[in-house]
Amino acid sequence: MSKKHDIETYSKLAEGAKFYLDESFSYINVCLESELRNLIFGELIEKINPTKDDEELVKKSSEFLSEDVIENLKSNEIEFLTKQTVESFIDAWKKSKIYSQKLNHKFNKQHKITSIEILGHLNNFGFFIETLTNRHLLYLYQSKKINDFCYSRISISKVLERLIFIFKDEISNNKLHLNEISNLFSLRNKTVHYTPDNSMALKPTISELIQIWEQSKKLIEYFEKNEEIDEELFSKSLDAHIQETRKKWL
């Protein structure tokens, strides 16, 4: 195993981890911009007053509504807004996109994120943690801190199980906690298995994400302390992303 994986392997894994980290925070920035756009759009459409023609359309279309969801999806008889009001909605949407890119906004930490871009953040951030975990396992193996049998078995287990194996002493002594890391992979599982139920349940708060980021930073610091590899520290890169996000959105 050690003969097959030399310094280039560590470089490739580091390159992958950096890619996933940068992508994850690129998505969170787009995600929060989408959240702001939706908030602005909601405020703008509240100012749009329905016309009498709209009210008539609602009454007429209500007659065609069915308890069968599929039937409603296929119906071309359901129409709740006049063309004029639809145009007002389209104009409000265009304005909300422009305003969201120009306005400064600070989100409440209990704000629930519903924008689809959260899929990109959670997936990539999970891959970031998993890649560094894989690299650390290789380091432990090549340092002869774990044997062939342990490496071959633990390297194919779930990420959280790998981390518990690596840091069993630190966890037992309450020096390291993985509850937020566990939450990260629980959330990522919802993105990987994007079922009807998961699509509706996936609404993490900003506070949840911050706690995940901060605990991840501590975890990575443990990796770095043990490895002592001469490279740019991922804990500092992550912290820079966190601080930039806080400054812009929180």
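The values are calculated or read from the model by the stated rules, or taken from the named source; none is laboratory data. Owing to the predicted nature of the structure, the values given are computational and were not obtained by experimental measurement. In case anyone asks, the SASA skips ligands and DNA or RNA and just uses the protein heavy atoms, side chains included. Shrake-Rupley method; radii C 1.70, N 1.55, O 1.52, S 1.80 Å.
Calculated mean residue ellipticity at 222 nm for the chain: -23500 deg cm²/dmol, from DSSP H runs with n ≥ 4 weighted as -39500 (n - 2.57), summed, divided by the residue count and rounded to 500. Just Thr85, Thr51, Thr114 to compare: in a GNM of the chain, with alpha carbon springs under 10 Å, which one fluctuates most? Looking only at Thr85, Thr51, Thr114, the largest GNM fluctuation is found for Thr51. Entry note, the range 105-250: relative contact order of 38 percent, from Cα contacts under 8 Å with a spacing of 6+ residues.
Share of carbon and sulfur in the accessible area of the chain stands at 51%, probe radius 1.4 Å.
Solvent-accessible surface of the chain, taken per residue with a 1.4 Å probe and all protein chains present: 62 Å². Build a GNM of the chain with springs between Cα atoms under 10 Å apart, and of Val30, Val192, Val159 the one that fluctuates most is Val192.
Structure remark: mean-square fluctuation, Gaussian network model of the chain, C-alpha springs under 10 Å; the largest value among Glu15, Glu228, Glu161 belongs to Glu228.
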